[in-house]
Amino acid sequence: MRPIIRQNPVPLALPDFRNLGTVLRILLAANALALAAAFVRDSRLTEVFDTFVAMAGPLELQLLAMLTLLYLLSPWLARQPYTTGACVIAALTVLTAIAVHLVIETVVPQPAGSLFRHVVLGLGTFGILLYYFRLRAKALSPAITEARLQALQARIRPHFLFNSINAVLSLVRAEPKQAEVALEDMADLFRVLMRDNRDLAPLADEVELCRQYLALEKLRLTDRLEVEWHLQSMPADALVPPLVLQPLLENAVYHGIEPSSSKGVVCVNIFLKGGEVHAIIRNPYRVDGGGHHSGNKMALGNVRERLALHFDAEASLESRVRGETYEVHIRLPYRTDKAAGPAAAPAKGAASTPSAAPRNGGERPAERRAARPTATPALRTPRTEASRG
Amino acid sequence: MADPALRILIVDDEAPARRRLRELLDDCTGALPLVVAGEAANGREAMELLSVMSVDLVLSDIHMPSMDGLELARHLLKLAHPPVLIFTTAFHEHALQAFEVNAIDYLVKPVRVQRLLGALQKVPRLKPITAAKLDELPASSRRFLSVTERSRVVLVPVEEIVYLKAELKYITIRTPQREFLLEESLTRLEEEFGARFVRVHRNCLVSRDAVRGFERRVGDEGDAHWEVLLKDVQETLPVSRRQQFIVRELGREQAA
């Protein structure tokens, strides 16, 4: 369960070595260090280049070995205390340095420099990287991230709130039952908007929220708004940042439907492809002079930033105009509750709660399950309190 | 007041909002004789209704497709007996500030019945909003120009206009079909629609979309000048010496 008050300092945690962003950072940083070293050693540019090339051989070999080992050990490392993990990685660095040194000595006839120097350089790089990831974790520390996420999320348009209340009021006398449902939808929507939204939540919940939101908009806009859902191959159990889709739908309605008197279609297409969850939202593109577009960019930037905080380089958001259609495409990694592995969000402090059901039978049961199309959340069933309280 | 019931027109693009207002107005009938004369989903529909009926009060939303409330306010002024206009709005901080400053009446949605009744009771003493006040509001450019013809107001969609030409005290509006006479200043129109129209002559604005090309003509005295060729209209328009640069500018736009 989530603690109510969070005042924890930045937890000491190793990065997620299976995250593409982490891997890229390690590769870039290590090579940058080598280049810097070459610059320090030689004065002439051609020599610098030669030195770097000479260093690159053993360096890339060791990096490759280290990254492979770290990838394999990542789930285990995530469960260890920070110091243990760091020591293990340091030991691995020394071992791979020796191994690479030996390999090079046997393959290449001339001597590959001193073993001692090789080990020291390796450990130095390790230390700098460890420090870098520590700084990065601090920069993205929950305290800061949390404040930002909350601020980002609190931006539902007041325009929507008041118009919806007005729409519900219009139903109270004539259609009391419908008014009840609308108020329940609003309650659910605002409960999600106001709660602590740092943890990833199942995609099915987000989709349900979107349905409630669109039901409210439909109330106001009646026939002008039509929604098409394509969720046949949606992985309902995928974990996504809460409110990742709703603001985009709000945008679609605000920019695509409201400015016109005629009917418009908002199309939502969510599917699993190549281990990634894709969500595509389309709406009619209306060219109008109003200052609508700045607001649009803000909402897109908001979602993009949250995706980056949660998934780093493994998620993306793209938007484009295709003829008379405006399209937003989100791509994020397929993660589920059951998949073993380090915390999904590097930003979130890796001290994640162990998954509720520790049934780790085979390799990633979730992935196998996802192969068959998951049933979409059915029609608007009366909602029992959604999976979390 | 010996007046019979107050005649009211409701304008809002959201059907539930219109229904809500109607219900609230029903609640007011006990305190004040009134009748809802009609409902419209946007400013344009409202103007159409007002060409066949007259009302004392228009309750209009601000944000609407086709024609918003602020533009409706401008066209209402062209009516023989402009009704009083009270805006209804859900939330729009900036606009509301401008309303306060210019003492323009508005009701915030959801509207309370007491507030509504208070506003209705003031109506006989209220005067239509003046054009000067409307100018103070941060409005986007109009989508229609309104022209009075035989005591009726005709809306001309700005996107259909080929050119605007100042002649004596009127401006001629040319659409592919016909001409209209408008009483406004060409300079003001140029300010409002600068993105859409380009000045080719001291007295003439041409829609950029309507330009087909240019032609060099030599006059009787051997002085040459450019003429604008238009897409849907046979006439051509002279380009003044001072505005000659637009020949190249528009030529480049068309090439692109």
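The values are calculated or read from the model by the stated rules, or taken from the named source; none is laboratory data. Predicted model, so just to flag it, every value in this text is computed and none were measured. Cβ atoms come from the backbone with ideal geometry, glycine included; neighbour counts cover every protein chain shown.
Things to note:
- Yes/no for A:VAL253 being crowded, with 17+ Cβ neighbours inside 10 Å, touching a helix residue (DSSP H, G or I) at 6+ places or on another chain (Cβ under 7 Å), among the β-branched types (Val, Ile, Thr) and not in a loop (DSSP other than H, G, I, E, B): yes
- Residues of segment A:311-326 satisfying the condition of being part of a strand (DSSP E or B) and either of a type in the set (A, V, I, L, M, F, W, C) or crowded, with 18+ Cβ neighbours inside 10 Å (or both): A:LEU317, A:VAL321, A:TYR326
- Test result for B:ALA31, surrounded by fewer than 20 Cβ atoms within 10 Å (Cβ to Cβ), small (Gly, Ala, Ser) and under 19 Å from B:VAL123 (Cβ atoms): yes
- Considering segment B:146-231, the qualifying strands (runs of 3 or more DSSP E), each wholly inside and each with 2 or more residues that are touching a residue at least 24 places away in the same chain (Cβ under 8 Å), under 26 Å from B:ARG242 (Cα atoms) and touching a strand residue (DSSP E or B) at 6+ places or on another chain (Cβ under 9 Å), run over B:163-167, B:170-174, B:197-201, B:204-207, B:211-218, B:224-230.
- Candidates A:VAL100, A:VAL88: the one that is surrounded by 13 or more Cβ atoms within 10 Å (Cβ to Cβ), in contact with a His (Cβ under 8 Å, 6 or more places away or on another chain) and not assigned by TED's automatic domain parsing to the domain that holds A:ASP312 is A:VAL100.
Quick grid of which residues meet (1) within 18 Å of A:VAL328 (Cβ to Cβ); (2) of a type outside the set (Val, Ile, Thr); (3) surrounded by fewer than 23 Cβ atoms within 10 Å (Cβ to Cβ):
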position	(1), (2), (3)
A:MET194	no, yes, yes
A:LEU203	yes, yes, no
A:GLU208	no, yes, yes
A:LEU221	no, yes, yes
A:VAL265	yes, no, yes
A:HIS278	yes, yes, yes
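- A count restricted to segment B:28-47 and to residues that are within 14 Å of chain A (Cβ to nearest Cβ), assigned to a helix (DSSP H, G or I) and closer than 27 Å to B:GLN114 by Cβ stands at 1.
- Counted residues, segment A:209-250 - those being part of a helix (DSSP H, G or I) and within 14 Å of chain B (Cβ to nearest Cβ): 10
- Count of residues meeting criterion [within 14 Å of another protein chain (Cβ to nearest Cβ) and not in a loop (DSSP other than H, G, I, E, B)] in segment B:48-71: 6
- A:MET186 vs. criteria within 25 Å of A:PRO242 (Cα to Cα), under 29 Å from the mean Cα position of the chain (by Cα), within 14 Å of chain B (Cβ to nearest Cβ) and not charged (D, E, K, R): yes
- Among (1) within 21 Å of B:PRO16 (Cα to Cα); (2) surrounded by fewer than 21 Cβ atoms within 10 Å (Cβ to Cβ), the one test that A:LEU214 misses: (2)
Matching residues to (1) in contact (Cβ under 8 Å) with a residue 12 or more places away in the chain; (2) over 24 Å from A:PHE17 (Cβ atoms); (3) not in a helix (DSSP H, G or I):
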residue	(1), (2), (3)
A:ALA32	no, no, no
A:TRP76	no, no, no
A:ALA90	yes, no, no
A:ILE98	yes, no, no
A:GLU105	no, yes, no
A:ARG117	no, yes, no
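- One residue stands out in segment B:99-109 among those that are surrounded by fewer than 19 Cβ atoms within 10 Å (Cβ to Cβ) and modelled with pLDDT of 85 or more: the one that is nearest to the other protein chains (Cβ to nearest Cβ), namely B:VAL108.
- Residues that are at pLDDT 80 or above, farther than 18 Å from A:ALA99 by Cα and either within 31 Å of the chain's Cα centre (by Cα) or surrounded by fewer than 17 Cβ atoms within 10 Å (Cβ to Cβ) (or both), drawn from segment A:42-63: A:ARG44, A:LEU45, A:THR46, A:GLU47, A:PHE49, A:ASP50, A:VAL53
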